[in-house]
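Just so it is clear, none of the values below were taken in a lab; they were calculated from the coordinates. What you see is a predicted model; the values in this text were computed from it and never measured. Cβ sites come from the backbone with ideal geometry, for glycine too, and all protein chains shown count toward neighbours.
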């Protein structure tokens, strides 16, 4: 079964450092999403791509977060500088029209 | 603004019980509704997808229903097992996927 690949699985970084996460969606899925999930809460959308274009980044803290999907395939989410409040699970998902969303295993970020 | 609510927030039951998890949403203009399972520290696993034109979907011991007009969905788990212990999330799809806060289920032997 096709999967959404994410790396790393876990990341510990010091406050003010830069950190990056990678996502490879299911082949052929034009839409890619990055979600952030704080412990005990549901995931919240950070950014949505359609191919290489950003469709929605209204909830992305643009002063420190950036996301790109240069060739419309894999994507990178970056945080610089990281803050303690950024500690969370970062989830990537992809979808194909009305066939639902498929999520990756996520990256657990701890900022110390 | 679409809001999704899940009740109860937590549930602890003995093995073998039949369970109902509830999900409600405020705007009935949705494309579909999806139920996910999340184990601690893990990503989301899709359980069932109900298109807006459908009333229910079934997979094994799981059955999900959708009533768009009343803004409600239920996830029914038959004959619960300890392996069903996880957090269950419902999410509605409009131009984006909006999640509830989940129901944390514990099934004890």
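Among A:75, B:24, which comes first, second and so on when ranked by fewest other beta-carbon atoms within 10 Å?
B:24, A:75
Would you mind telling me which residue in B:66, B:49, B:11 has the biggest mean-square fluctuation in a Gaussian network model of chain B, where springs connect alpha carbons within a distance under 10 angstrom?
Of B:66, B:49, B:11, the Gaussian network model singles out B:11 as fluctuating most.
With no solvent and one equal point scatterer placed on each C-alpha of chain B, evaluate the Debye formula and give log10 I(q)/I(0) for q = 0.14, 0.17, 0.20, 0.24 Å⁻¹, two decimals.
For chain B at q = 0.14, 0.17, 0.20, 0.24 Å⁻¹, log10 I(q)/I(0) is -0.50, -0.73, -1.00, -1.38.
Per residue, what volume in Å³ does the convex hull of the Cα atoms of segment A:71-112 enclose?
88 Å³
Which of A:28, A:40, A:100 ends up with the largest GNM mean-square fluctuation for chain A, with Cα atoms connected below 10 Å?
A:40
Whole angstrom only: what separates the Cα centroid of segment B:11-30 from the Cα centroid of segment A:1-80?
Between the Cα centres of segment B:11-30 and segment A:1-80 lies a distance of 29 Å.
With bins 5 Å wide starting at 0, give me the P(r) of segment A:1-43 over every alpha carbon pair, in whole percents.
So the P(r) values, bin by bin, are 5, 15, 21, 24, 20, 10, 5, 1.
Which one, A:47, A:55, A:73, has the greatest fluctuation when you compute a Gaussian network model over chain A with C-alpha springs under 10 angstrom?
Among A:47, A:55, A:73, the largest mean-square fluctuation in the Gaussian network model of chain A belongs to A:55.
Normalized C-alpha radius of gyration of the protein assembly as shown, against 2.2 N^0.38 Å?
That ratio works out to 1.02.
How far is it, in nm, from the label point at residue A:16 to the one at residue A:98 when both lie 7 Å from their Cα along the line to the Cβ?
It is 5.3 nm.
If one puts a single equal scatterer on every Cα of segment A:47-100 and applies the Debye formula without solvent, what log₁₀ I(q)/I(0) results at q = 0.17, 0.18 Å⁻¹?
For segment A:47-100 at q = 0.17, 0.18 Å⁻¹, log10 I(q)/I(0) is -0.61, -0.67.
Above 19 Å lies some portion of the pair distances; for chain A, what is it as a whole percent of all C-alpha pairs?
I get 39 percent for the Cα pairs in chain A exceeding 19 Å.
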